[in-house]
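First up is the structure itself, then whatever we jot down about it.
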Amino acid sequence: MFLISSSASNSPYNHESFLTCLSNHSLDDHSQIPIYLPNTTSYNSILNTSIENLRFSSPRTPKPHLIITPLDESQVQAAVICSRKHNFQIRTLSGGHDYEGLSYTSSQNLPFVILDLINFQSINVDVDDETAWVQAGATLGQLYYKIAEKSTTLGFPAGICTAVGAGGHFSGGGYGYLMRKYGLSADNIVDALIVNAKGEILDRESMEEDLFWAIRGGGAASFGIVLSWKIKLVQVPPTVTVFSASKTLEQGAISLVHKWQYIADKLPNELMLIVRLTRVNSTTQALFRSLFLGTSEQLLQIMQESYPELGLKREDCIETSWVRSTLFFYRLPFNGSLNILLNRNPRPRDFFKIKSDYVKKPIPKIGLQGIWRRFSEVDSPVMLMVPYGGRMAEIAESEIPFPHRNGNIYQICYEVHWTKEGKGSTTQIEWMRRLYEYMTPYVSNSPRDSYLNYRDLDLGQNRIDGSASYKKLGFGVPSISRIISTNW
C-alpha cells in the first residue's frame, strides 16, 4: 500500500512499475509507504524542508524522481531492492547537512530517488550498560536531550550543530568538544544495523568486521543504508565549565592565535579550546571557546599555567551541565528549555561554501596576517581551528577509516556565507578558492588532507562512466575494494 501526495498520473515519469515493486517487497501489508512524486502537492515542501545549504534549492538543481519516507525497516529494504532493479541511484537523507547537497541532489544528472529517514528518530538509552541505540534520522540535539533525560553524568562525543542527523555525522567521523577526551563519534560506535544492496539487514556480526570498519568514518552511504547505530556513552562530570573570550586585531589576536597553535593540542585531555576567526565590522575577531570537564577553579589554574596571555578571568567562566554546554556552543538560548534540542531547524538557513584542512606545523605570524587581510574581502568569512592531540593522538590511523590522528596539531574549517543567490554566489566561492590556495604552504601535503564530512566537490568527483577506482586512494584498499564488490 502507498500513501502518495497526489495522483501518479500528474508526474512526467511513469512510476507504476517502481510502485508495484515496492508493494511486492514490503513485508508489512498494513503500513502505507509515504511516497512523494514530482509536480504533486507535498513534493517541494518535503524536499525543501531538508535542504540545509540554499545553494541547492534553486530550480536548476537536479531533483529526485521520487522521495520515499519509509516508516519501518522493511520499507527501506524494499526501496533499496527496487531502486537497484530500476537503475535509480539512492540519496540517503538523515538530516540534510551534506555541504555539497549530495544527500538530496545529484551532480551527474542521473535518475535518483531520495530515501529520507525522517521517520527513523528513535533513541533508546541504556544507563546501566552506558550505551544507546540511535536511529539514523535522529539529530544530535535529540540524542543529547535523550541522554540528559536519563543521566547527568553521561554524554557522547559528537558535533556542535544540534540539527545534524546522526546517520551521516557518525559515518563520516563526527567531532565535537569531547573529541580530545574521547575521540570521534565513530570511535565510540559498537554496533550498527545496515541494509546492503541485496536488501538484507545486517548487524555487526553478520556484516563482518571489514564492513563495520568501513562505515565508521568512511561514509556509510558508500556501503549501504544505516538504519541505526549502537553507541558507547562516555562519562562526564555533573559540572563542566565553558567560556567564550573574543580578541580583535587591535587587542593582539594574531599573537594570541600564534601562541594557541603551540599549546592547544598539549592541554589536558579534559580541555578543548577552539578558535573561531570572523570578520566583525572593520576588523577581524578571534573567538576562543572552551569546554572543560571540571570546575572553573581548576580551569583557571590550567589556563594561567599554559596560556596566561589570553587573560581569562573567573567572570568569563560559566559552570553548567554537559547538556547545557551543547546549547552554549551552538549559540542557542542557554538558560531556556532543553526542548530546543528537539528542534530540527533551530536556526535560519543560508547559502554557503565550506572547505577543510589539517595543520601539522604552526602557521607563522606572517601567514596569519595574510589570512586576516583576506578576511576583509568578503562580508561573512569564518575559519574554525579545532585542536587535536589527547585521545585523537592515541588512536591508530587505521583503527577506523579516519586517518587524521597523531601528528595533526589542528583541523581547519573554512566557511563563507551569503544570503542571496546570483552573482554573489560566484564571488563568495571564488574568494573561498583563493583563500584555500593561499593556505597551501601552511597545511598538510602529499596528500593535502580534508575531512570527509566537510564535503568539497572542488577536490574531485567520481566519473559518470563508473571508471573511478579505489586503488588511487591508497588507504585500506584491499578491504574497501572487497566491501564495495560484495555489499553495494
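The values are calculated or read from the model by the stated rules, or taken from the named source; none is laboratory data. Keep in mind the model is a prediction, meaning the values are calculated, not measured. Cβ sites come from the backbone with ideal geometry, for glycine too, and all protein chains shown count toward neighbours.
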Considering residues of region 395-447 that are in contact with a Gly (Cβ under 8 Å, 6 or more places away or on another chain) and in a helix (DSSP H, G or I) only, the residue farthest from Asn269 (Cα to Cα): Tyr438
Just wondering, is there one or more residues in region 336-352 that are loosely packed, with under 15 Cβ neighbours inside 10 Å, part of a strand (DSSP E or B) and of a type outside the set (Phe, Trp, Tyr)? yes
For region 295-321, how many residues meet the condition of being out of contact with any Asp or Glu (no Cβ under 6 Å at 6 or more places or on another chain), among the small types (Gly, Ala, Ser) and buried (at least 17 other Cβ atoms within 10 Å of the Cβ)? 2
Might you let me know whether region 451-464 holds any residue that is buried (at least 16 other Cβ atoms within 10 Å of the Cβ), modelled with pLDDT of 95 or more, of a type in the set (A, V, I, L, M, F, W, C) and under 23 Å from Met179 (Cα atoms)? yes
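Can you pull out every residue in region 328-348 that is in contact with a Phe, Trp or Tyr (Cβ under 7 Å, 6 or more places away or on another chain) and touching a residue at least 40 places away in the same chain (Cβ under 8 Å)? Before you say what the answer is, go through the steps one by one.
Of all residues in region 328-348, those in contact with a Phe, Trp or Tyr (Cβ under 7 Å, 6 or more places away or on another chain) come to 328-329, 334, 338, 341-342.
Answer for region 328-348, where residues must be in contact with a Phe, Trp or Tyr (Cβ under 7 Å, 6 or more places away or on another chain) and touching a residue at least 40 places away in the same chain (Cβ under 8 Å): Phe328, Phe329, Leu338, Leu341, Leu342.
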Looking at region 108-140, which of the residues that are of a type in the set (Val, Ile, Thr) and outside any loop (DSSP other than H, G, I, E, B) is surrounded by the fewest Cβ atoms within 10 Å (Cβ to Cβ)? Thr131
Which of the numbered conditions does Glu149 fail, given that it passes all the others? Conditions: (1) within 27 Å of Gly294 (Cα to Cα); (2) of a type in the set (Asp, Glu); (3) not in a helix (DSSP H, G or I). (3)
Evaluate region 229-250: report whether one residue or more is in contact (Cβ under 8 Å) with a residue 60 or more places away in the chain, in contact with a strand residue (DSSP E or B) (Cβ under 6 Å, 6 or more places away or on another chain) and over 23 Å from Gly176 (Cα atoms). yes
Taking Ser94, is it out of contact with any Leu (no Cβ under 6 Å at 6 or more places or on another chain), modelled with pLDDT under 95 and within 22 Å of Phe352 (Cβ to Cβ)? no
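To keep it simple, each residue is scored yes or no on (1) under 25 Å from Gly159 (Cα atoms); (2) assigned to a strand (DSSP E or B).
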{"site": "Ala245", "(1), (2)": "yes, yes"}
{"site": "His258", "(1), (2)": "no, no"}
{"site": "Gln261", "(1), (2)": "yes, no"}
{"site": "Asp265", "(1), (2)": "yes, no"}
{"site": "Asn269", "(1), (2)": "yes, no"}
{"site": "Leu273", "(1), (2)": "yes, yes"}
{"site": "Ala286", "(1), (2)": "yes, yes"}
{"site": "Gly294", "(1), (2)": "yes, no"}
{"site": "Glu315", "(1), (2)": "no, no"}
Options Ser74, Ser45: the member that is outside any loop (DSSP other than H, G, I, E, B), modelled with pLDDT of 90 or more, loosely packed, with under 15 Cβ neighbours inside 10 Å and under 32 Å from the mean Cα position of the chain (by Cα): Ser45
What number of residues in region 157-216 are touching a residue at least 60 places away in the same chain (Cβ under 8 Å) and in contact with a Lys or Arg (Cβ under 7 Å, 6 or more places away or on another chain)? 8
